[in-house]
Amino acid sequence: MRHVLTSFLSVHWAIVFALLAVICIDGNRGVTAALGVLGVTVESAQFVNLENIVVVAPLAIALLVVAVLFFWAFVDTLINDASSPGADSVVRIAFISASGVMSMILIGGAAQGINGLFMVVAVQLAALLVSYVAMLAERRSVAALDEEDFHATAHSMAKAAAHNSLLSMISGRTGPNGKGGR
């Protein structure tokens with residue numbers, strides 16, 4: 001079974017961002033609850049009401065887009081192999097988008113005066129980075145194993161051809177070019 005870690009992490013992040021989007025849509029305490037899931041307790045925001053549609057809609061859409069990108073990366077992992085060109089481009093786009101959304105949450109939260117958001121977003125960005133590095137390492141290790149298998153097969157075939165050629169020369173049988181022999 002190939003790409004187990006990549007598949008698991010893609011599904012994990014798709015579920016995380018989809019749940020954050022669904023929680024964010026909740027009318028009573030959407031963004032506050034989503035930030036609470038991340039680990040931030042929002043006591044008071046200075047300027048804008050966090051339940052306002054101007055805040056909730058773009059954040060929920062951005063979170064949902066990131067969830068779809070991670071699900072797309074999961075499907076791409078199942079369909080394509082690591083040696084195909086651009087195999088990790090969807091994964092890269094998903095992680096860049098997730099980092100962008102987390103950065104926008106940090107910027108928006110800092111503008112609202114929400115305390116404790118920096119550390120939470122930093123931890124989430126570190127988790128995203130570790131996940132990306134793990135996925136990239138798994139994809140490259142699978143590609144390297146495929147390349148090693150190719151080189152081992154080519155080496156054994158060349159060795160067998162040289163052995164057969166040497167045996168035919170020693171025995172005096174006709175070689176592939178029709179010359180030699182008795």
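The values are calculated or read from the model by the stated rules, or taken from the named source; none is laboratory data. Not measured: the values here are computed from a predicted model. With ideal geometry, Cβ positions are generated from the backbone for all residues, glycine too; neighbour counts draw on all protein chains shown. Calculation scope for accessible area: heavy atoms of the full protein, side chains included, ligands and nucleic acids excluded. Shrake-Rupley method; radii C 1.70, N 1.55, O 1.52, S 1.80 Å.
Does the range 23-42 hold any residues that are over 19 Å from Val121 (Cα atoms) and either assigned to a helix (DSSP H, G or I) or among the aliphatic types (A, V, I, L, M) (or both), and which are they?
Matches in the range 23-42: Ile25 only.
Being within 21 Å of Ala21 (Cα to Cα) and either modelled with pLDDT of 90 or more or open to solvent by 40 Å² or more (accessible area, probe 1.4 Å) (or both) narrows it down to one of Ser97, Ser156, so name that one.
When all the criteria are applied, what remains is Ser97.
Out of Phe74, Phe118, I need the residue that is crowded, with 18+ Cβ neighbours inside 10 Å and over 19 Å from Gly30 (Cα atoms). Which one?
Answer to the selection: Phe74.
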